[in-house]
1. Treat the count of other C-beta atoms within 10 Å as a stand-in for reagent exposure and order B:E181, B:E208, B:E98 from fewest to most.
2. For the residues A:Y326, B:Y56, what sequence is obtained by ranking on other C-beta atoms within 10 Å, fewest first?
3. Kindly provide the pair-distance distribution of region A:238-282 built from C-alpha pairs, with 10 Å bins from 0 and whole-percent values in order of increasing distance.
4. Going by alpha carbons, how many degrees (0 to 90, nearest 10) lie between the helix axis of B:260-272 and the longest principal axis of chain B?
5. Excluding same-chain residues fewer than 8 positions from A:K194, which lysines have a Cα within less than 30 Å of its Cα?
6. Who wins for biggest fluctuation among B:S325, B:S289, B:S157 in a Gaussian network model of chain B, springs between alpha carbons below 10 Å?
7. Scan around A:R231 for amide H atoms under 5 Å from its own, H built in the peptide plane at 1.01 Å from N, and keep only partners 5 or more places away or cross-chain.
8. Give the angle, between 0 and 90 degrees and rounded to the nearest 10, that separates the Cα long axis of helix B:88-102 from the longest principal axis of the Cα atoms of chain B.
There are 2 protein chains.
Amino acid sequence: MPRSGGHISAAPPTLADVAELAGVSRQTVSNAVNNPDLLRADTLARVQDAIDKLGYQPNRAARSLRTRASHLIGLRMPALQEGTANAMMDRFVHTFVEAAAETGYHVLLFYGDPADPLDGYDELLRSTAVDAFVVTDTHLGGQQTTWLQSRRARFVSFGRPWTQPDAKHPWVDVDLAYGAEIATEHLIERGHSKIAWIGWHKDSLLGEERRSGWIHAMHTHGLSTTGLASRTEDSISSGKAAADAILDETEPTALVCASDTLAMGVLHSIFERRLRLGEDIAVVGFDDSQVAQTVPPGITSVRPPLEEAARELVKALEELLATPSYAAPGVMLKPVLTVRGSS
Amino acid sequence: MPRSGGHISAAPPTLADVAELAGVSRQTVSNAVNNPDLLRADTLARVQDAIDKLGYQPNRAARSLRTRASHLIGLRMPALQEGTANAMMDRFVHTFVEAAAETGYHVLLFYGDPADPLDGYDELLRSTAVDAFVVTDTHLGGQQTTWLQSRRARFVSFGRPWTQPDAKHPWVDVDLAYGAEIATEHLIERGHSKIAWIGWHKDSLLGEERRSGWIHAMHTHGLSTTGLASRTEDSISSGKAAADAILDETEPTALVCASDTLAMGVLHSIFERRLRLGEDIAVVGFDDSQVAQTVPPGITSVRPPLEEAARELVKALEELLATPSYAAPGVMLKPVLTVRGSS
DNA sequence: ACCATGGCTTGGAACGATCCAGAGTTTCAC
DNA sequence: GTGAAACTCTGGATCGTTCCAAGCCATGGT
């Protein structure tokens, strides 16, 4: 049965329906949508009227098939750790989706086995389901990015190419060594001099970077760091254990933690010792998570500009998709310190 | 130039490439992928070999165009409130993406103007970009669901149809009246009798539901509720204000809060009064958010089974997409109480 | 009056898959 | 040995869009 163009039907209207109603050819309607300046003003108006009247929207599948572009960006669902304070990704994803929408892209969330960093990418790539990917965990090693590069996939990463300094893909990252530095300097300004560091293990690239900021600030101000550093897992219990040990041994008056999770561990220790947070002892965390924002009296925390990062990534993505050979310089953003009651 | 089937090329292999390599027709390859039992065993093996050799995956756009199914589920990015403890959606989305992946669906995240609950749906619907939606904020009024229904869109909702008891779409929700009940009973068991309620305004459907659970538990145990209830905004500062007022007036020994955010407000009040949480006073929250899990000594909280909810929704979605006329009974899940140091 | 120019519009082909109807082959009962 | 039924496989049409090359029609220079 031929499609009865003109009046309301169950199936969505097609280009042909609009063309018939406007009395032009299909191609002219297509041009009205994609290259309006090719049409004479009066034709454009007539076509536009028909489009509005029918509520026409181009069929995405058909358009994708022809143009070989899906206008979808793939984002692998970041692993969710129960119990840690890292809901940071939420804020990032939110702005990313918003910024992407402004340039006509939607986000395809997919799942991959946490044990295999590459799981899920291949299928989407081969089925040409997405135009590009956003990779978020570059600090776990360059597996994902090198693999994507070898498959000639388009992608940008949130996180510098830690292990491949010569990587060519666009990236955006936050300078968290600087973050540790301003956190430490904030405490120095507040009159502290025995400022401890509770961070991650030596093999954590992120951890070592943040740690270097603390060391730099301390040394710049002529303060000693001996006996004040601690390395442990990123969990509340190990944060508490580390705090217990360092508070017993060295009696610092302030602690800088590599994450809000560790900071919460410190709070547990303080809670047990019946110390007053922000009065007897100062604590600074990282990430400016929900937890840091809400725990009384509020935890001073290094806030990464996730919104800005997301927007920069979308911008890079746009250029990358417009110019396949596009090689952007990496963008390094500076975090800010959100000061709260804990310091 | 005709496609040179057989050896590696930049463009992904197509059905025709596989067919040529296996020495069968396109349709046979298509059947091998979609209806393997239609083929003779040896033919299937031969085609499968060719598929593996070329690394063939059906092109999603082409398949979508023909079958009118995208295998994508639309999820509008829930509004993100800075400063509240509600990162609950994260957990939900995570399991949802995972469960959806198991049944061959991916999730399309899209953005809509927070001021307009319908923004974004129309475009995706008209362009046939998604097969169905998941609606998450049904308590804000039935606008989204009624609109989707009128457009004959397929969808399921996380949240009962509050204002339309006769709605036909599948839904899943959590019985949070029951949640408030077990929270209150937990406190009664612990020996409390003056148990206050800090909840939301009267026009909040969710708030009134939770409140009814508290009232029911109190009355069942012959306890009075007069002077023990408070209604306010869902924010830390108003939680603190409500706690201040109720602690001054009625001196309860325990408080049940309609959300972890309010519970955090209560904690601020307790912090100021230098009371010991879990010793001098007990607090129970809702949502079992990151914050409840991490704040020392841990906040006892009503935990909605989000993972189960997500899986139920995917199941309903699957049936809905298989049988367009499918009308599922709503599913009501029971939360559990996670007991921590605050009680 | 004629041809070149450029702006605007058009029909046919193509993207890569699945649907459909029919052709070829085997199986099996009579 | 024959016909029907069942099983396999195939070619052509189709989904809705954009690409392509060609067509139409005014305009303007010669």
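1. Least crowded to most crowded, the residues run B:E208, B:E98, B:E181.
2. A:Y326, B:Y56
3. 31, 65, 4
4. Between helix and principal axis, roughly 40 degrees.
5. Counting by Cα, and skipping residues close in sequence, A:K194 has these lysines nearby: A:K202, A:K240, A:K334.
6. Per the Cα network of chain B with a 10 Å cutoff, B:S325 tops the list.
7. It is A:G199, by chain and number.
8. Between the helix axis and the principal axis of chain B, the angle is about 30 degrees.
Read-outs throughout are calculated quantities, based only on the coordinates presented, and are distinct from any laboratory measurement. Note that the coordinates shown come from a computational prediction; the quantities given were computed from them, not determined experimentally. Backbone-built Cβ (ideal geometry, glycine too); neighbour counts: all protein chains shown.
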